[in-house]
1. Would you please give the residues with an amide H less than 5 Å from that of LEU448, counting only those at least 5 places away or on a separate chain, with H modeled from the backbone geometry?
2. How far apart, in nm, are two points set 7 Å out from the Cα along the Cα-to-Cβ line at PHE67 and at GLU541?
3. For SER49 and LEU129, what is the calculated FRET efficiency with R₀ set at 30 Å and r taken between the beta-carbons, to the nearest 0.05?
4. Among 429-435, 62-68, how do they line up by average Cβ neighbours within 10 Å per residue, starting with the highest?
5. Treat the count of other C-beta atoms within 10 Å as a stand-in for reagent exposure and order MET202, MET388 from fewest to most.
6. Lys/Arg Cβ at +1, Asp/Glu Cβ at -1, dipole of the chain taken about the Cα centre: which of ILE270, LEU448, PHE474 is farthest positive-ward?
7. If you rank SER428, SER145, SER175 by fewest surrounding Cβ atoms within 10 Å, what's the result?
8. Using the Karplus equation 6.51 cos²θ - 1.76 cosθ + 1.60 (θ = phi - 60°), what ³J(HN,Hα) coupling, rounded to whole Hz, does each residue of region 282-299 give in order, writing x for Gly and Pro?
Amino acid sequence: MKVLFGILLLFLSCTWLAQAFARNPEMRTEINTARLVDLNVRVVVIGISPELVNTTYLKWNLPSIKFQQYLNPGVTTGARYRLNYEFIFPSREFEDSFAQYLKSIAKLEVFNNPFFETNLTNTFYPADLTENWLRYHQSDFYDGSVPAYTLVLANLSRTVPSVSSSQYSEYIKKSMSNFTPHYYNMTYYDSDLYFTLRRRWMTSWGGSGRLYFIDLSAGPSNVTKQLPLQWATKANNITFQTPYGSIWLTQYLSDWIYGAVEGLFAPDFIYPIGFAKNFIIDVLVIDNRTDLRIPAIDATLSPPRIKEELEKLLPLSEIEVKVRFINATSSKNLTNIIVTSTSPGKYGNISVIDARPVYNWLSAEGVGHLKDFFNITERTSELHIPVMAFVFTGEHQFGFTFKEDLSDDAESIWGVALGDVILISHSSHDLIRGNFTERRQPQRGFGLTNTIIHEVGHMLGLTHPFRIDPTQDFVASVMAYYPYEYGYSQFEKDSLLRGYTDSQLMAAKADLREVGPNLLNQELLLSIQRKLEVVERHYSEMSYAEALPVALKVRREAAFARWVTETISIFTTGSLAVFSVSSIVVLITFGPRYLRRKKFE
Ligand SMILES: [Zn+2]
């Protein structure tokens, strides 16, 4: 009875200890363990006859396993994604209704087309409306029972105004007339300083949900410089109805799919990721302007907007955005490093402050001055992201040197995420850029909010979506360059929560490998097993925000189970040692006496 009570007490204290012990081991990132999971990709091909596409060959061309990586420092995350493809060819009626919708939202503009560098009749379709229409009509071609990313590849050259294959020869001969390309467009406003930005030359779009749309017949665009399908076939002298024509077309489709899979659906991370309960975005705005005092420095960024977008990306964490303002002159050392790092050369009209010596001066591995500006007391449940946002005089911006360069383009940057600190630079002219543009927007410019959200995305591990294929620059994401979005795409929201879940589960499994079942941990192991099943169910439904909290519990319980095992083992080894030592002592003390007695008795 006493023994039973003792065990019960021990077990109760174990459950209590499980809560107390597990004070956030989740910050650890394990990269040596492996996890293989399914990721489904539904490819919807519009405007191309299914007879022309060999889906077996198409599947062979596509990556079936993706080893996810931390690009910096260049190791695998441990997660492997098994990519399952499904190919759907919607009916001709669907294609026609899509074209009908596009016609209803089309806007024709005779305008200088920067790809052709001449005035043309360009047709524009609002990118967000097109995406919404496709998302809403997905149920027309599949039942939605398998959770997946959807990639729509459309050839609309039959149904909407596009460049024709015969125009390709004219383009090559530089005799352009009556070209009628089509594009997708968006209009943006800087939320701090109201600059209006028209983004007209896009050929694909998506990311508000789990759908991405590539119009193979749109363009050509000055941004991506890729050939529309009808020009690519002409350039390669392809006839679809021949055996090679079908092979060529199938490969062409697979190349588009590859970019979307690598850039959007199963992206790598730039830095190792780590879930935290609290993320602190600690922004120090350094006003270095000596020329202009407008706009007021506190009007150049919006802490609530930064917080809002990060909360949408990290729904399970607390986000704190702290902002302080200083004048560069208040730190003599800081002014000195800026002055001595300024390049004497001019790049176009931009003067560059070399970011590398400034970073060396700040970083802990370098001179170590970062601690003069940020009080970083990192607890395991916290991730502290320091941001130094400079506003420089005139056309000064941070830049990087390259060992060889013949262009006089500015190697300047608005921001860079360096792993331990973010450096941001806007010039005083950026804040009123509208005063300097061809179509003037007096006193309007670009604030710091958008740049900060982008760079924080890098610090959390997100890469540029167009890293593999420039097409994916056209996506509803602050991490893209061409659009001017403030929010992160659904693909990025998924990839972070999925990545956190993967790393929690891999760490938990590494712990569980060290744990054998014993009398004390049966209940605990059963509870872990049940939770694992719940995590995997949410995960396979792509409900990552539901999967992660359970994965965190699994991780804590697995760490505790390992701790119990190791404690028991220490105790057992310890007892054995105590027993052995006391036996030796007894032998030494009493052995000779016993022997002596034996001898003389
Ligand atoms: Zn970037």
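1. LEU301
2. About 3.4 nm, to one decimal.
3. Numbers: r = 28 Å, r/R0 = 0.92.
That pair, SER49 with LEU129, gives E of 0.65.
4. Values: 429-435: 20.1, 62-68: 14.6.
Final packing ranking: 429-435, 62-68.
5. Working: MET202 25, MET388 21.
Placing the least packed residue first, the sequence is MET388, MET202.
6. Towards the positive end, the residue furthest out is ILE270.
7. Working: SER428 22, SER145 6, SER175 9.
With the fewest neighbours first, SER428, SER145, SER175 line up as SER145, SER175, SER428.
8. 9, 9, 10, 8, 10, 7, 10, 6, 10, 9, 10, 10, 10, x, 4, 4, 6, 8
Computed from the coordinates by the stated procedures, all read-outs in this text should not be read as laboratory data. A quick note: this is a predicted structure, and the numbers were derived from the prediction, not measured. Please note: Cβ atoms are built from the backbone with ideal geometry, for glycine as well, and neighbour counts cover all protein chains shown.
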